[in-house]
Amino acid sequence: MNKEGNKTAAFFARVEGRVQGVGFRQSCMYEGQRLGLSGWVRNAANGDVEVWAEGAEEKLEALQNWLRRGPPVARVDTVRYEKKLPTGQYRRFSVTH
């Protein structure tokens, strides 16, 4: 449970499409921070974007919905999600490498 009494959850996602070089990571970071989530977003070597997010389940669902669209110039083809156990090791949502 988090301080608001909501169940804390986590997911790992891989976003496929035209998602590198279009501001995806920066936009995702802002969205994760806006939602009060913790975790990270990074580019993968194969051209995908990877996301680890932790927080209240309804906030995670909101980020998942955002990932399906991405920023205006991105083209999201597929998003693959894996539910995970939250680690609690991240204080905020950031871009990592």
Subset of segment 67-97 (residues that are surrounded by fewer than 11 Cβ atoms within 10 Å (Cβ to Cβ), among the polar types (S, T, N, Q) and under 12 Å from residue 52 (Cβ atoms)): 89
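Find the strands (runs of 3 or more DSSP E) located wholly in the chain whose residues include 2 or more that are under 10 Å from the mean Cα position of the chain (by Cα) and free of Cβ contacts under 8 Å to residues at least 40 places away in the same chain, and list them.
Numbers: elements: 8-18, 38-43, 49-56, 75-84, 93-95.
So the answer is 49-56.
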Tally of residues being out of contact with any helix residue (DSSP H, G or I) (no Cβ under 7 Å at 6 or more places or on another chain), of a type outside the set (S, T, N, Q) and either surrounded by 14 or more Cβ atoms within 10 Å (Cβ to Cβ) or within 16 Å of residue 7 (Cα to Cα) (or both) across segment 43-66: 12
Residues of segment 16-42 being of a type in the set (Ser, Thr, Tyr) and buried (at least 17 other Cβ atoms within 10 Å of the Cβ), which ones? 27, 38
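Coordinate-derived values only; no laboratory data. Just so we're clear, the structure is a prediction, and the values are computed from it rather than from any experiment. So basically every Cβ, Gly included, is an ideal-geometry build from the backbone, and we count neighbours across all protein chains shown.
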